[in-house]
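*Asks:* For reference, the structure I am asking about is given below.
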Amino acid sequence: MMEFNVIITGIGGQGVLTLTNIITWSALKEGFDVKASELHGLAQRGGAIACHVRFGDEIYSPLVLEGKADLVFALEPLEALRSCYFGSKNKTIFLVNTHRLIPLSIFINKEGYPSLSYIADALKSFSNKVILIDASEMAKKVTGDTIMANIYMLGYACAKNLIPLKRESILYGIEEAVSQKYLGLNRKAFDLGFEAI
């Protein structure tokens, strides 16, 4: 029985919802049963947000249980840490954008922001596979903006077989979820993910 569980987490304005929609459309294109949910937070600029996408032969609930994520897309490092409890040592892959975008809660509560090495070490308690990439910088190279880091990460995940979806299906998902105006740039960011070493 095939089942794949994805957590997408980041800060409002980073494209968490867009990435959720693309993966949903891509999985539907391949004939999977798909359920998706925005778990908490508002997708407003600066606020933390997490979405769940589950697809497979038969999916009954949109929510990923603790320790059951196959892949965590963390568009921001601290948000990866906040989602650590979805990880499982031998099952979960954490794909983390190293570019820090400090959430409002840090400023409001006057908290410290942990170092990248601290975050990476902490995640290793929850997963044997933690991948750190500067997706924002890579996206900026081809689009002139960091906003398409989410699409670069999806391209990377597809190229490295971290997600069981075909390239053509994801391109279809991008066409369905992204405005025509930005389609070319999104494709460029996605293709760049395939060039990663």
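The values are calculated or read from the model by the stated rules, or taken from the named source; none is laboratory data. Predicted, not measured: the structure shown is a model, and the values here were computed from it. A quick note on method: Cβ atoms are made from the backbone with ideal geometry, for glycine too, and the neighbour counts reach across all protein chains shown.
*Asks:* I'd like to know if region 57-74 contains one or more residues that are of a type in the set (D, E), within 27 Å of E137 (Cα to Cα) and in contact with a strand residue (DSSP E or B) (Cβ under 8 Å, 6 or more places away or on another chain).
*Replies:* yes
*Asks:* Could you check, for region 146-159, whether at least one of its residues is surrounded by 18 or more Cβ atoms within 10 Å (Cβ to Cβ), farther than 30 Å from G31 by Cβ and not hydrophobic (A, V, I, L, M, F, W, C)?
*Replies:* Within region 146-159 (the criterion being surrounded by 18 or more Cβ atoms within 10 Å (Cβ to Cβ), farther than 30 Å from G31 by Cβ and not hydrophobic (A, V, I, L, M, F, W, C)), the answer is yes, since at least one residue qualifies.
*Asks:* Of the numbered conditions (1) within 15 Å of the chain's Cα centre (by Cα); (2) buried (at least 24 other Cβ atoms within 10 Å of the Cβ), I131 satisfies every one except a single condition; which is it?
*Replies:* With respect to (1) within 15 Å of the chain's Cα centre (by Cα); (2) buried (at least 24 other Cβ atoms within 10 Å of the Cβ), I131 is out only on (2).
*Asks:* Could you count how many residues in region 153-179 are in a loop (DSSP other than H, G, I, E, B) and either among the charged types (D, E, K, R) or touching a Ser or Thr at 6+ places or on another chain (Cβ under 6 Å) (or both)?
*Replies:* Within region 153-179, residues that are in a loop (DSSP other than H, G, I, E, B) and either among the charged types (D, E, K, R) or touching a Ser or Thr at 6+ places or on another chain (Cβ under 6 Å) (or both) number 3.
*Asks:* Looking only at region 1-14, count how many residues are more than 13 Å from H52 (Cα to Cα) and either surrounded by 24 or more Cβ atoms within 10 Å (Cβ to Cβ) or of a type in the set (A, V, I, L, M) (or both).
*Replies:* Qualifying residue count for the region: 4.
*Asks:* While we're on this one: Taking D33, is it on the phi < 0 side of the Ramachandran plot and out of contact with any helix residue (DSSP H, G or I) (no Cβ under 9 Å at 6 or more places or on another chain)?
*Replies:* Taking the combined requirement at face value, the residue does not satisfy it.
*Asks:* Output the number of the condition that V142 fails; it satisfies all remaining conditions of (1) free of Cβ contacts under 8 Å to residues at least 60 places away in the same chain; (2) β-branched (V, I, T); (3) farther than 20 Å from H99 by Cα.
*Replies:* So the condition that V142 fails would be (3).
*Asks:* Output the residue which, of all residues in region 143-186 that are modelled with pLDDT of 95 or more and among the basic types (K, R), is farthest from T18 (Cα to Cα).
*Replies:* K160
*Asks:* Suppose we filter R82, R45 for residues that are more than 13 Å from the chain's Cα centre (by Cα) and at pLDDT below 90; which single one remains?
*Replies:* R45
*Asks:* What's the total number of residues in region 108-126 that are in contact with a helix residue (DSSP H, G or I) (Cβ under 8 Å, 6 or more places away or on another chain), surrounded by 12 or more Cβ atoms within 10 Å (Cβ to Cβ) and modelled with pLDDT of 75 or more?
*Replies:* So the count comes out to 7.
*Asks:* Take I131 and decide whether it is of a type in the set (A, V, I, L, M), in contact with a Leu (Cβ under 6 Å, 6 or more places away or on another chain) and at pLDDT below 95.
*Replies:* Spelling it out, it is not the case that I131 is of a type in the set (A, V, I, L, M), in contact with a Leu (Cβ under 6 Å, 6 or more places away or on another chain) and at pLDDT below 95.
*Asks:* Please determine, by comparing only the residues of region 93-107 that are in contact with a helix residue (DSSP H, G or I) (Cβ under 7 Å, 6 or more places away or on another chain) and not in a strand (DSSP E or B), which one is modelled with the lowest pLDDT.
*Replies:* Across region 93-107, the extreme among qualifying residues is P103.
*Asks:* Return yes when I49 is touching a Phe, Trp or Tyr at 6+ places or on another chain (Cβ under 8 Å) and assigned to a strand (DSSP E or B) and no when it is not.
*Replies:* The answer is no for I49.
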